[in-house]
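The next block holds one structure in the form of structure tokens; read it before the comments.
The values are calculated or read from the model by the stated rules, or taken from the named source; none is laboratory data. Remember, predicted model here, so these are calculated numbers, not experimental data. For neighbour counting, all protein chains shown are included, and Cβ atoms are generated from backbone atoms with ideal geometry for every residue, glycine included. Keep in mind that these areas ignore ligands, DNA and RNA; they rest on the heavy atoms of the full protein, side chains included. Shrake-Rupley method; radii C 1.70, N 1.55, O 1.52, S 1.80 Å.
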Amino acid sequence: MGKIQIMDEWLSNKIAAGEVVERPASVVKELVENAIDAGSTSIDVFLLEAGLTSIQIIDNGSGMDEEDALISFSRHATSKIHQEHDLFRIRTLGFRGEALASIASVSKMTLITSNGESGTYLELEGGHVATHKPGPLRKGTDITVAQLFFNTPARLKYMKTIQTELGHTIDLMNRLALGNPQIAFRLLHNGQQLLQTNGRGDVQQVLAAIYGVHNAKKMVSFNGESHDYKVSGFVSLPEVTRASKNYMSLFVNGRWVKHYLVQKAIVDAYHTYLPIERFPIVALFIEGDPYLTDVNVHPAKHQIRLSKEPELLKLIEETIREQIRHVIRVPQMEKKEKVAKPATEQLNIWKPAPKLNVEKMNAIVEKLYDVQTVQEQKQLDPIVPEPVPTVIEDSWQPTPMMEANPPEEMTLEEPREVLHDESIKEPFPALEVVGQIHGTYIVAQMEDGFYLIDQHAAQERIKYEFFREKVGQVNPNERQALLLPLTFHYAADEALLLRENRQELEAVGVVLEEFGQSSFVVREHPSWFPKGEEQEIIEDLIEQVLTTKKADVKKMREAAAIMMSCKKSIKANYYLTKEQMETLLQDLRNADNPFTCPHGRPVLIHFTTYEVEKMFKRVM
């Protein structure tokens, strides 16, 4: 008898479960995606002990008849594809036909489903049907997965803590809710509601339910289109950042996927707008012909291959960058909403002077302050401008997402004018220089308050734009010959790489001449290189070629401009005259983006008159 045998179906299902069912979140993903494909408008997910004890999912989709319910637990049973041609036009989230069979093989499942005409009730244990009988006629499906991994103790042993497993499920449900705003989702864990969306089709309302109303108000919409793709979604203002890329959600034809190059394109769109190692909140939706995408790459369908990828990446980067450029604004102190407080009598611990009615005087003073505050506030209230087309429309009326969160409900009812005021690009204000603090920060004022300007960041932005233009315009006539050539020595493999990319270095004005087997000399350099730092700059440019394995001229020019602008800018503890400060602000006003330095840090911060008066208790 031969050694090679065909595995039975039960064993093959358990092996497939090792790929598809990694943790409770994997089960939730497969079952909720099935509910979405069934046309559900309401999906409820109930978890016990992060899903390790029980996962119950109830939807109001199309449901199944008795025959489909029984065959759905067979390996490779699917209603999504029927022939090879269908693989190239997949529009559903599921299509493999492996999920139900794999999940059933490592759990105890209960299925109650109906198409509105007949109902079916099934109980399965380890993939085998234990109970089969008629079920209720409520249209939709109610599926429960209990005792996950009960027959695979090794897999159960390596499950993380309940908090970790629950975190994975919450993250998954957030993505599914973002990708399907037309569906009302609920997620409950041990009876506690963790997520609720209303299913009205408004992505920003889902963002408010996930990230909070405060952050949702600071996100702006964008739209772009090429011959093959359409991109849309929401991105956060540069002032709203996170420490990881996990807050970027990418959807291709409704499917949540992970794609490193798309994330990189988003980060590149924020170039010079965000500090190092800070990332935006993004919900990006890509629509294209299914023939341009290959979703049959990973068992969990997390990864995807895209045709005409460079075209798509360019579209994403340019669309988001253009939107951010239009909505960039001056960072300012957060305004807290005034809350009406009941009048209370202040305890006067000081003994009043004779013949002086203190209560009457206090009433008069308070009345005068109230009148002055109202008048000043009217003068300071900005006129709300017309919204730009890409900013969220007036029709967006947020509604409470979670009934158990009254403060969020109150915030959601705030007027929409606040969003418009925050989302319009501000011109650089006409500032009057007042002075300098610690030789580092310039103090300037105007009618609506005062500004603190970081002098180093301000000049860094000015010089960056100057050097960026210079580096981008390599003129053969603008070269400086060296009296003593600069010599650079590298290992043999590095020298080979430099020879292959020598023309890329020449594009930024650095000409390498071979000087031996693995050495090079530079006899001249662009005249705009800072004096005394020529060798360091050239070494950094060469290092970029060696580390990236290719020479990206655009990035080399950007990096060179940022490096030179930082080195040549005034530093902290350097005192300036008033004329120098005025000149610096005038140059900053002429910059393309005067609000952030090349590293994404703010250049100036606005303190409103109202905030200052609150600090001094002039406004209560």
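General observations
- Contact order normalised by residue count of the stretch 103-169, Cα under 8 Å, 6+ apart, percent: 32 percent
- In terms of distances greater than 19 angstrom between alpha carbons, the cross-link table entries LYS245/LYS567; LYS264/LYS568; LYS470/LYS567; LYS264/LYS308 yield LYS245/LYS567; LYS264/LYS568.
- Farthest towards the positive end of the charge dipole of the stretch 220-283, among the residues PRO275, SER226, GLY254, is the Cα of GLY254, using unit charges on the Cβ of Lys, Arg, Asp and Glu.
- Whole-Hz Karplus values for the stretch 60-72 come out as 10, x, 6, x, 9, 8, 5, 5, 5, 4, 6, 7, 5 Hz, taken residue by residue from phi with 6.51 cos²θ - 1.76 cosθ + 1.60 and θ = phi - 60°; glycine and proline positions read x.
- Carbon plus sulfur fraction of accessible area for the stretch 489-620, probe 1.4 Å, in percent: 52 percent
- Normalising the average separation of contacting C-alpha pairs (under 8 angstrom, six or more residues apart) by the number of residues puts the relative contact order of the stretch 152-222 at 20 percent.
- Accessible surface calculations at 1.4 Å, restricted to protein heavy atoms, place the stretch 108-242 at 43 Å² per residue.
- Carbon and sulfur %, accessible surface of the stretch 41-83 computed with the full protein complex present, 1.4 Å: 50 percent
- Value of relative contact order over the stretch 202-277, rounded to a whole percent, pairs C-alpha under 8 Å and six or more apart: 20 percent
- Accessible carbon and sulfur surface of the stretch 175-272 relative to its total accessible area, %, 1.4 Å: 46 percent
- The 3J(HN,Hα) values that the Karplus relation (6.51, -1.76, 1.60; θ = phi - 60°) gives for the stretch 149-155 are, in residue order, 6, 5, 9, 10, x, 5, 5 Hz. Gly and Pro appear as x.
- Dipole magnitude (debye, nearest 20) for the stretch 51-208, charges at Cβ of Lys, Arg, Asp, Glu: 460 debye
- Hz values of 3J(HN,Hα) by residue in the stretch 128-145 - Karplus curve (6.51, -1.76, 1.60), Gly and Pro given as x: 9, 6, 9, 9, 9, 7, x, x, x, 9, 4, 5, x, 9, 10, 10, 10, 10
- Under 5 Å, built H, 5+ apart or other chain: amide partners of ARG242: PHE279
- Total formal charge among the other residues, if their Cβ is under 12 angstrom from that of VAL521, Lys/Arg +1 and Asp/Glu -1: -2
- Total charge dipole magnitude, the stretch 240-310, about the Cα centre, Cβ charges on Lys, Arg, Asp, Glu only, Debye to nearest 20: 220 debye
- Residues with amide H under 5 Å from that of VAL434, placed H, sequence gap 5 or more: VAL443, ALA444, GLN445
- For the stretch 493-619, the solvent-accessible area of protein heavy atoms averages 51 Å² per residue (probe radius 1.4 Å; ligands and nucleic acids excluded).
- Ordered from longest to shortest, the equivalent ellipsoid semi-axes for the stretch 232-274 are 19, 11, 10 Å, each the square root of 5 times a Cα gyration tensor eigenvalue.
- Hull volume per residue, based on the alpha-carbon atoms of the stretch 488-620 and their convex hull, is 174 Å³.
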